[in-house]
Amino acid sequence: MKTTLLVTVALISSLILVESCGSVKSNSNQPKTSESRSISLFNGKDLAGWYTFIKDRGRDADPKQVFTVQNGMIRVSGEEYGCITTNEEYSNYKLTVEFKWGQKTFAPRIDNARDNGILLHSTGQDGGYSGTWMHSIECQIIEGGTGDFLVVGNGSDKFALTSNVAPKKQGRGNVFMPGGQPLTINGGRIDWFARDPNWKDVLGFRGEKDVEKEAGKWNKIECVAEGDKIDIYLNGVLVNQAYRVKPTRGRIQIQSEGAEMFVRKVEIQPLAAH
């Protein structure tokens, strides 16, 4: 009996970790996925299943090789703004991306925080937003702000989300807070729960409570898109949540926005039927 009790306690402890900032994470809260149906969107050899779109160049025109595959990794050079986009649309899934920052940065963001992103539920025309990206819901990847939500929309309610936020802004942003006040946006952003209120757009920025690892180390970001909800986990920590998300399906884009980044895994797991 005593041995059984110790094993039970150990199992519970492994599922629930209390963060130093007071948040509680539990990977057991994630919807169940079907492991046998997991889909690798990157084969480690080439960009099969994706196409490139570069600002002012268009589709499948990448003369500077902003997007290449090297040593089993996708290299995003950052030299020009653009993205790789999946050929297929997806809905109701868990997307896992493993990434790390490189060393190079480019104008106009040479001295700014390293910045890219994953665009979910991307629909409409290539380059529909700023001549560069499809309209979409962005999971931000930026030093100090990885896990922020952005609505890369067209100003209509066709691209929108609702999140529970703290009663007062921290710094200049609305910050995700479980149990907070609902806020609906069709543009702009919702910051992850512990984004440093003194964040500055400078190269190498690190916040006191950052979950993202320092530049050069691998991070795992998981976007769980279930119906009209999206949860974002960074290195196992739930950092942001949205609901009443519009749209609820679309292509996936990975951005190039001035900073070198490497990606070694892009995988989708369809959510198991309820």
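The values are calculated or read from the model by the stated rules, or taken from the named source; none is laboratory data. Model, not experiment: these values are computed from the prediction. Cβ atoms come from the backbone with ideal geometry, glycine included; neighbour counts cover every protein chain shown.
Computed quantities for the displayed model
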{"read-out": "Single condition L161 does not satisfy, out of (1) under 28 Å from R59 (Cβ atoms); (2) in a loop (DSSP other than H, G, I, E, B)", "value": "(2)"}
{"read-out": "Candidate set: segment 179-202, residues that are hydrophobic (A, V, I, L, M, F, W, C) and surrounded by fewer than 17 Cβ atoms within 10 Å (Cβ to Cβ); chosen: the one nearest to V151 (Cα to Cα)", "value": "L183"}
{"read-out": "Failed criterion for I74 (all others in (1) modelled with pLDDT under 95; (2) touching a strand residue (DSSP E or B) at 6+ places or on another chain (Cβ under 7 Å) hold)", "value": "(1)"}
{"read-out": "In segment 89-131, the residues that are of a type in the set (D, E) and either out of contact with any Leu (no Cβ under 9 Å at 6 or more places or on another chain) or free of Cβ contacts under 8 Å to residues at least 12 places away in the same chain (or both)", "value": "E89, E98, D115, D126"}
{"read-out": "Selected residue (criterion: farthest from the chain's Cα centre (by Cα)) from residues of segment 65-112 that are closer than 22 Å to S130 by Cβ and of a type in the set (D, E, K, R)", "value": "D111"}
{"read-out": "Number of the exception - P178 against (1) part of a strand (DSSP E or B); (2) farther than 23 Å from Y129 by Cα", "value": "(1)"}
{"read-out": "Sole residue being in contact (Cβ under 8 Å) with a residue 60 or more places away in the chain, within 15 Å of Y243 (Cα to Cα) and more than 18 Å from the chain's Cα centre (by Cα), chosen from D201, D157, D148", "value": "D157"}
{"read-out": "Residue pairs meeting the criteria (Cβ under 6 Å; at least 6 apart or on separate chains; first closer than 13 Å to I118 by Cα and of a type in the set (A, V, I, L, M, F, W, C), in segment 222-241; second modelled with pLDDT under 95 and part of a loop (DSSP other than H, G, I, E, B))", "value": "V224/Q30"}
{"read-out": "Selected residue [among the acidic types (D, E), farther than 12 Å from I254 by Cα, buried (at least 16 other Cβ atoms within 10 Å of the Cβ) and in contact with a Gly (Cβ under 9 Å, 6 or more places away or on another chain)] from E79, E88", "value": "E79"}
{"read-out": "Residues of segment 128-157 satisfying the condition of being part of a loop (DSSP other than H, G, I, E, B) and either crowded, with 22+ Cβ neighbours inside 10 Å or touching a strand residue (DSSP E or B) at 6+ places or on another chain (Cβ under 8 Å) (or both)", "value": "G128, T132, M134, E143, G144, G145, T146, G147, D148, G153, N154, D157"}
{"read-out": "All positions within segment 158-178 that are crowded, with 19+ Cβ neighbours inside 10 Å and among the basic types (K, R)", "value": "none"}
{"read-out": "Options T52, T33: the member that is of a type in the set (S, T, N, Q) and modelled with pLDDT of 95 or more", "value": "T52"}
{"read-out": "All positions within segment 102-122 that are polar (S, T, N, Q) and either in a strand (DSSP E or B) or surrounded by fewer than 16 Cβ atoms within 10 Å (Cβ to Cβ) (or both)", "value": "Q103, T105, N116, S122"}
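Residue by residue, here is whether (1) without any contact (Cβ under 8 Å) to a residue 12 or more places away in the chain; (2) in a loop (DSSP other than H, G, I, E, B); (3) not basic (K, R) holds:
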{"position": "P197", "(1), (2), (3)": "no, yes, yes"}
{"position": "G207", "(1), (2), (3)": "no, yes, yes"}
{"position": "D210", "(1), (2), (3)": "no, yes, yes"}
{"position": "K220", "(1), (2), (3)": "no, no, no"}
{"position": "R244", "(1), (2), (3)": "no, no, no"}
{"position": "E260", "(1), (2), (3)": "no, no, yes"}
